[in-house]
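Novice: Below is a structure I'd like to ask you about.
The values are calculated or read from the model by the stated rules, or taken from the named source; none is laboratory data. This structure is a prediction, so every number in the text was calculated from the model and none was measured. Cβ: placed from backbone, ideal geometry, glycine included. Neighbour counts: every protein chain shown.
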Amino acid sequence: MGGYKIVLTSDRTLMSEYGGAIFMGFSACIPKGVIPDWAYFNIFCPSVKVDRRGSPLYTSYGLRKIEAALLDYGFSEEEVAVAHPDYIDRFIGDSTRVIGLSENDPLGIGPATTTFTEILGGEAYMAIKFRELLSNQTLAKYRKNIKVIVGGPGAWQLESESVRNELGIDCVIIGEGEKVVGPLFEKAIRGEEIPSIVYGDVVDVEEMPTIRRPAVCGLVEISRGCGRGCAFCVPTMLKFRCRPLEDILEEVRVTVRGGRNPLLHGEDVLRYGAKGIEANPEAVMKLFKSVLSEPGVTSVSISHFTLSTVVATPRLIENLSSLLGLSKNRWISGQTGIETGSPRMMSIHMRGKCKPFRPEDWPDVVVEAFQILADNNWVPCGTMIVGLPNEEPRDVDYSIELVRNLKSFKSLVVPLFFVAAGSLEDKVRSFKLEDLTLKHSELILECWEHNLRWTPILMNEYFKLSTRNRILCSLMSVIIRYGIGRVLKLIDECRRVYGGDIKAIVEAYRKGAKRMYDETYPIPSTS
Ligand code: SF4
């Protein structure tokens, strides 16, 4: 076979819907070896289905956008194919000129992955699978004719020339790719020289292509960028843009035809239609009502929201909840940044995040938002940054106190090591295990204990409602409950033997220390 001129793909960890549960996505960051590979790839990260050619029926939204941008530019369906990495050999041949990869965390150094690998050791699956994909035998066979181009949210990790050379990458696209891929891929196909780094321009909403096939979990982009301007955030987040309703509905139709309900994606879904920081509740309600009215849509999920918008617009949360028919056992979940409990840290790094409130209000804003969300059956999955630049012990104390104040709310609080990115990239270094103080350890333990308390309950409720494979859900449930038991045992050992010092227990284990407590820890009840 001659193969396709342009083959688009991603590593295997991005070819899964992770059981459709938002809290399962974090399993991608766990290093290889923590659970057996067969269990990871069959139970937690099962592959999406493929068509008869080996093209995934669902893939990352980013890859779908690039596929659409290339088709809009003028390439034909016969020239562009999206390949599942397990079947990529069927797509590469004499005619292939470009392999385009979209990656989230190709080196496994994003915040969530860094946190897991620093503490547990080892390398994350996404980095291993990315390298595996680049060393594919068929790609090697035709390599002299092919340019390897990598983009996606994690492309910033490949900016260094030595990294690109080592991995055999010809070009990296950093930023938004839709406007640059057409001319760039055309050059590569003609055999002309291409730059090793391309910085993608900000794309206006009218120029954003419409996806032709569904993305994983039914993801549909409603807005791009954020505009709150946190210092560590990627520069492309600076410009906030909302897509026209008709374009969103067009992608909802594609998604429903593909057998998925839509998951509306934006950095703050509650600010759809807003001109700046102030929300536009009418536009948000119109969006949700219109999406729900599309034939075939039976539910709507969301990706991210901001806690300050929740407190600024409590009526919007109430109205959305009744529109979506939420109840105690039928909740909606979304990711949100808590990041710190310290007004001082808020003031230095994220003044925009708490607007229209002040940095000194932040801890109260977080608790009030969690209360509003709980009252309306929303389950926040929050992130908490460990090791922000210029952090002092009292800042960590504020964060510990905040996590304790969130104890009674059905939620997750995921601690993440600070990763130097955005405007801080060249000014400070990322946080490492060696920087972890006893206070940081306490903050992480508080977060983990919070999550271990709520995960069995969330899992139970989610699996009861889920239409996914029952056997898979049961297997996942058994493994997670077993894992919770093991982690509780380790936390207990950390507190009792190592005085709550995570760095000390990690170092002791790496030097071969034997476990102090080998009795089976009671597995928490999920009732
Ligand atoms: S609120 Fe979130 S998306 Fe917006 S700038 Fe801050 S970190 Fe980035």
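Novice: Taking residue 240 and the conditions (1) within 13 Å of the ligand (Cβ to nearest atom); (2) over 30 Å from residue 75 (Cα atoms); (3) aromatic (Phe, Trp, Tyr), which numbered condition does it fall short on, given that it satisfies the others?
Specialist: The number of the failed condition is (2).
Novice: Would it be correct to say that residue 430 is closer than 26 Å to residue 505 by Cβ, among the hydroxyl-bearing types (Ser, Thr, Tyr), out of contact with any Pro (no Cβ under 8 Å at 6 or more places or on another chain) and outside any helix (DSSP H, G or I)?
Specialist: Answer is yes for this residue.
Novice: Run down 234, 220 and say which single residue is assigned by TED's automatic domain parsing to the domain that holds residue 421, in contact (Cβ under 8 Å) with a residue 40 or more places away in the chain and more than 16 Å from the ligand (Cβ to nearest atom).
Specialist: Of the residues listed, the single one that is assigned by TED's automatic domain parsing to the domain that holds residue 421, in contact (Cβ under 8 Å) with a residue 40 or more places away in the chain and more than 16 Å from the ligand (Cβ to nearest atom) is 220.
Novice: For residue 418, only one of the following conditions fails: (1) touching a residue at least 60 places away in the same chain (Cβ under 8 Å); (2) in contact with a Leu (Cβ under 9 Å, 6 or more places away or on another chain); (3) more than 16 Å from the ligand (Cβ to nearest atom); (4) over 30 Å from residue 316 (Cβ atoms). What is its number?
Specialist: (3)
Novice: Taking residue 258, is it within 16 Å of the ligand (Cβ to nearest atom) and either touching a Pro at 6+ places or on another chain (Cβ under 7 Å) or not assigned by TED's automatic domain parsing to the domain that holds residue 13 (or both)?
Specialist: Judged against the criteria, residue 258 is not a match.
Novice: Here's a follow-up. Can you give me the number of residues within the range 313-350 that are over 15 Å from residue 302 (Cα atoms), touching a residue at least 24 places away in the same chain (Cβ under 8 Å) and within 12 Å of the ligand (Cβ to nearest atom)?
Specialist: So the count comes out to 5.
Novice: Looking at (1) touching a residue at least 40 places away in the same chain (Cβ under 8 Å); (2) in contact with a helix residue (DSSP H, G or I) (Cβ under 6 Å, 6 or more places away or on another chain); (3) assigned by TED's automatic domain parsing to the domain that holds residue 297, can you tell me which one residue 194 breaks?
Specialist: That leaves (3) as the condition not met.
Novice: Run down 317, 338, 372 and say which single residue is among the hydrophobic types (A, V, I, L, M, F, W, C), closer than 20 Å to residue 233 by Cα and either modelled with pLDDT of 95 or more or outside the structural domain of residue 297 (by TED's automatic domain parsing) (or both).
Specialist: Details: 317 fails: closer than 20 Å to residue 233 by Cα; 372 fails: closer than 20 Å to residue 233 by Cα.
Residue meeting the stated conditions: 338.
Novice: Could you pull out the residue among 338, 277, 348 that is over 29 Å from residue 214 (Cβ atoms) and assigned to a loop (DSSP other than H, G, I, E, B)?
Specialist: 277
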